[in-house]
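Novice: Sharing a structure, written as structure tokens. Questions coming.
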Amino acid sequence: MSNFREVDRETGFLLPPSVDEWLPGQHLARFVVEVVESLDLRAMTGDYRGSGSASYHPAVLLGILVYGYATGVFSSRKLERATYDSVALRFVAANQHPDHDTIATFRRRFLKEIQGLFVQVLLLAREMGMLKMGTVALDGTKIHANASRHSALSYEHAGKIEAQLKAEVGELMAKAEAADRADLPDGLSIPDELARREDRLAKLAMARAKIEARAKERFEHEQAEYQAKLAAREARAEKTGKKPRGKPPEPPAAGPRPTDQINLTDEESRIMPVAGGGFDQCYNAQAAVAADSLLVVANDVVQAANDKQQIEPMLDKLDALPAEVGKPTTLLADHGYFSAANVIACQSAQIEPLIAAGRQPHHPSLNERFAEPPPAPENPTPVAAMLHRLATAEGKKLYALRKQIPEPVFGVIKSALGFRQFLLRGLDKVRGEWSLVIIAWNMKRMFALNTR
């Protein structure tokens with residue numbers, strides 16, 4: 001005869017249950033609560049007036065967000081529901097149930113303060129002996145914007161729609177003049193149709209103005225580069241006494257290009273190439289990851305699809321870290337970050353760069369893999385010295401770590417946790433949300449390092 005446990009859902013508790021008894025001693029939710037309670041949240045708590053009905057404590061709301069992002073729950077509505085359904089989130093929320101509007105408002109209201117907590121988490125990791133700054137690897141990944149690429153409008157197409165709408169406005173005005181002499185089609189309201197088109201014309205004019213402003217900014221940047229190339233060409237001619245070889249650089253064209261675009265949903269996002277081919281509306285999320293721990297030590301979000309301009313901003317972020325966190329000694333990056341200026345910038349920051357100068361073959365031959373490195377060049381330039389180190393056995397071994405440092409972090413965030421699209425819109429807001437994602441990742445990683 002089968003022997004089953006008794007099922008009883010009717011008997012009440014003899015004593016009130018304690019939320020502390022709901023989870024095992026080693027649980028990510030406990031770790032998140034402990035870390036959040038150790039952070040300095042005075043910048044948040046001081047922003048509350050203290051009048052009116054009692055507010056949820058920022059430590060509770062921050063804990064809900066961090067644990068949610070660390071376990072793949074990002075929506076404020078899903079987080080509200082999870083405070084009822086999930087035992088772990090009931091523990092984090094202290095058996096309270098803030099509604100989705102409270103959670104969403106807290107996230108928007110304290111984005112800058114959340115970004116500031118990133119350094120506090122790194123200091124805590126350093127105190128716990130988990131973070132060792134030595135070799136760091138820099139990489140970027142495209143994160144979808146909270147906007148469809150089909151909402152993007154090109155300058156040329158905006159002009160065509162504008163002309164069409166103006167023609168329709170003229171046609172409607174003609175219908176209005178003839179309204180007394182002829183019946184209008186059923187359902188046609190000329191004032192409503194005119195108002196709708198005037199509203200669209202105003203939005204199109206605003207979009208075209210923003211595209212023109214971007215084009216002006218781009219022209220000024222390209223013009224400065226053009227003048228610098230001309231000056232370098234003339235200096236080279238004066239030095240050699242010969243006419244420079246090759247075609248002179250072409251001057252940039254002023255004004256917007258027909259293909260220049262703006263997204264009507266999130267105008268600060270950009271069309272970018274994505275993995276697997278094709279293009280989508282994205283932001284470029286950057287992360288510098290410590291090799292020993294896989295903790296992210298610096299992060300950023302940019303609008304440029306190309307990574308070449310991201311070395312110096314990331315070096316500034318690394319330099320701004322407190323001395324207690326430590327300073328990296330070596331920076332690994334793929335060929336998308338390579339330029340002579342970036343190599344010099346790393347050396348100026350007293351960080352040794354190992355940046356590939358080109359794409360490396362996936363399956364090199366045995367002769368290539370075990371070939372003796374070339375002799376060190378005499379009086380090498382910074383780039384030549386770096387390329388020689390990359391050709392040595394030590395340099396090859398160190399650079400080979402690049403793929404197994406930042407890419408697993410991005411893989412877990414995007415595939416395991418499912419964070420592939422920002423919920424917020426606008427560059428400043430997505431930077432804050434990316435910092436929240438990275439804080440959640442660092443806490444999750446610290447918990448794993450603490451329990452292994």
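The values are calculated or read from the model by the stated rules, or taken from the named source; none is laboratory data. Please read these numbers as outputs of a predicted model, since none were measured by experiment. Quick reminder, even Gly has a Cβ in these numbers, built from the backbone with ideal geometry, and neighbours come from all protein chains shown. Note: areas computed on protein heavy atoms with side chains; ligands, DNA, RNA excluded. Shrake-Rupley method; radii C 1.70, N 1.55, O 1.52, S 1.80 Å.
Novice: Keeping every protein chain in place, order Tyr155, Tyr337 by accessible area at 1.4 Å, biggest value first, i.e. largest first.
Specialist: Tyr155, Tyr337
Novice: Leaving out ligands and nucleic acids, and using a 1.4 Å probe, what accessible area per residue does the range 149-290 come to in Å²?
Specialist: Roughly 67 Å² per residue, with all protein chains present.
Novice: Under 1.5 on a/c is rounded, so check that first for the range 5-106, then, if it is not, pick prolate when a/b is larger than b/c and oblate when it is not; a ≥ b ≥ c are the square roots of the alpha carbon gyration tensor eigenvalues.
Specialist: In terms of gyration-tensor shape, prolate.
Novice: Follow-up question, since we're still on this one. Calculate for the chain the 222 nm mean residue ellipticity that helices alone would give, adding -39,500 (n - 2.57) per DSSP H run of length 4 or more and normalising by residue count, nearest 500 deg cm²/dmol.
Specialist: Helices in the chain give a 222 nm mean residue ellipticity of -15000 deg cm²/dmol.
Novice: Hey, which lysines would be in cross-link range of Lys210, C-alpha to C-alpha under 19 Å, not counting anything within fewer than 8 residues on its own chain?
Specialist: Lys210 reaches Lys160.
Novice: Hey, another quick one. Which helices, counted as full DSSP H runs in the chain, have an axial Cα extent of no less than 30 Å and a Kyte-Doolittle average of 1.6 or above?
Specialist: Flagged H segments: there are none.
Novice: Within 12 Å, Cβ to Cβ, of Gln350, how many net charges do the neighbouring residues add up to if Lys/Arg are +1 and Asp/Glu are -1?
Specialist: Within the 12 Å Cβ shell, the charges total -1.
Novice: In nm, to one decimal, how far is the modelled label at Ala340 from the one at Arg236, with both set 7 Å along Cα→Cβ?
Specialist: 0.9
Novice: State, to one decimal in nm, how far the label point of Arg218 lies from the label point of Glu162, with both points 7 Å from Cα in the Cβ direction.
Specialist: 1.7
Novice: I would also like to ask the following. Relative to the Cα centre, what is the charge dipole magnitude of the chain, using +1 at the beta carbon of each Lys and Arg, -1 at the beta carbon of each Asp and Glu, and rounding to the nearest 20 debye?
Specialist: Charge dipole, the chain, about its Cα centre: 1320 debye, nearest 20.
Novice: What lysines could a cross-link reach from Lys78, if we take a straight Cα to Cα line under 22 Å and drop same-chain neighbours fewer than 8 places away?
Specialist: Lys414, Lys429, Lys444
Novice: When we measure straight from the Cα of Lys112, which aspartates and glutamates land under 15 angstrom away, once same-chain ones fewer than 8 places off are left out?
Specialist: Straight-distance partners of Lys112: Asp40, Asp47, Asp300, Asp428, Glu433.
Novice: Moving on. Using just the Cα positions, wrap the range 81-181 in a convex hull and report its mean projected area in square nanometres, one decimal place.
Specialist: Taking a quarter of the hull surface, the average projection is 15.3 nm².
Novice: Let me ask another. Rounded to the nearest 5, what % of DSSP beta bridges with both residues in the chain are antiparallel?
Specialist: Counting only bridges with both partners in the chain, antiparallel ones make up about 75 percent.
Novice: Here is a follow-up. Which value in Å does the Kirkwood hydrodynamic radius of the range 321-452 take, with 1/r averaged over all unlike C-alpha pairs and then inverted?
Specialist: 17.8
Novice: Then there is this: What size of dipole, in debye to the nearest 20, comes out for the range 7-149 about its Cα centre when the only charges are +1 on Lys and Arg C-beta atoms and -1 on Asp and Glu C-beta atoms?
Specialist: It works out to roughly 700 debye.
Novice: Under unit Cβ charges (Lys, Arg +1; Asp, Glu -1), what dipole magnitude, rounded to 20 debye, does the range 89-147 have relative to its Cα centre?
Specialist: Dipole magnitude for the range 89-147 comes out near 80 debye.
Novice: Another question, then. Does the chain come out rounded, prolate or oblate, given a ≥ b ≥ c as the square roots of the eigenvalues of its C-alpha gyration tensor, rounded meaning a/c under 1.5 and, failing that, prolate meaning a/b above b/c?
Specialist: oblate
Novice: Here is a follow-up. Using a 1.4 angstrom probe with every protein chain in place, what is the largest-first accessible-area order of Glu212, Glu378, Glu220?
Specialist: Largest accessible area first, the list is Glu378, Glu220, Glu212.
Novice: Also, quick follow-up: Considering only DSSP states other than H, G, I, E and B, which trypsin sites (Lys or Arg not before Pro) in the range 189-248 qualify as loop sites with at most 13 other Cβ atoms within 10 Å?
Specialist: Those satisfying the criteria are Lys242, Arg245.
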